[in-house]
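S.K.: A single structure is presented below for examination.
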C-alpha cells in the first residue's frame, strides 16, 4: 500500500546525492525569511496530514476534530493516503533542506530512537 511513497522518497534522496547540481538547491539557498516560511509550511503539512485524518476516528459528526479534518481534506474529497504521502514528502524535503532540522535529527536522542526503531517495529505486534 505504501510502496509508491517508498519509490518517491528514494527518488528524491537519490536525485539529491547523485547529480552535481541538486534539484532542491533552489529552495535550499533561499534567504533566511523565505527559509523560515518554507520550513514552517513543510512542518505544518507534515503535522496536519501525518495524522490519521479524523474521518475514521471521529466519534460524533460535529466534533471539533472532525471539522478540522473535514476542512483540510476539502470536505472529505481527498483520500487519507494522499494526505499521508504529502506528509511523508514534506518531512523528507524538510530533512534535506533545513540545517536546523538536520541538527535535530543528529542529536543523541534522535540517534538513539533511530537505532532502536527497527527493533521496535519488529516486536510491536507482540504487545498489541
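S.K.: Please enumerate the residues belonging to the range 10-26 that are in contact (Cβ under 8 Å) with a residue 12 or more places away in the chain and in contact with a helix residue (DSSP H, G or I) (Cβ under 6 Å, 6 or more places away or on another chain). Don't jump to the end; show me each part of the working.
M.R.: Keep residues of the range 10-26 that are in contact (Cβ under 8 Å) with a residue 12 or more places away in the chain, which gives 12-13, 16, 24.
12, 16, 24 - these are the residues of the range 10-26 that are in contact (Cβ under 8 Å) with a residue 12 or more places away in the chain and in contact with a helix residue (DSSP H, G or I) (Cβ under 6 Å, 6 or more places away or on another chain).
S.K.: A further question follows. Among the residues of the range 89-110, is there at least one that is free of Cβ contacts under 8 Å to residues at least 24 places away in the same chain, under 18 Å from the mean Cα position of the chain (by Cα), in a helix (DSSP H, G or I) and farther than 19 Å from residue 35 by Cα?
M.R.: Within the range 89-110 (the criterion being free of Cβ contacts under 8 Å to residues at least 24 places away in the same chain, under 18 Å from the mean Cα position of the chain (by Cα), in a helix (DSSP H, G or I) and farther than 19 Å from residue 35 by Cα), the answer is yes, since at least one residue qualifies.
Values quoted throughout were computed directly from the atomic coordinates according to the rules given, and no laboratory measurement underlies them. Note that this is a predicted model, so its numbers are computed, not measured. All Cβ positions, glycine included, derive from the backbone under ideal geometry; neighbour counts span all protein chains shown.
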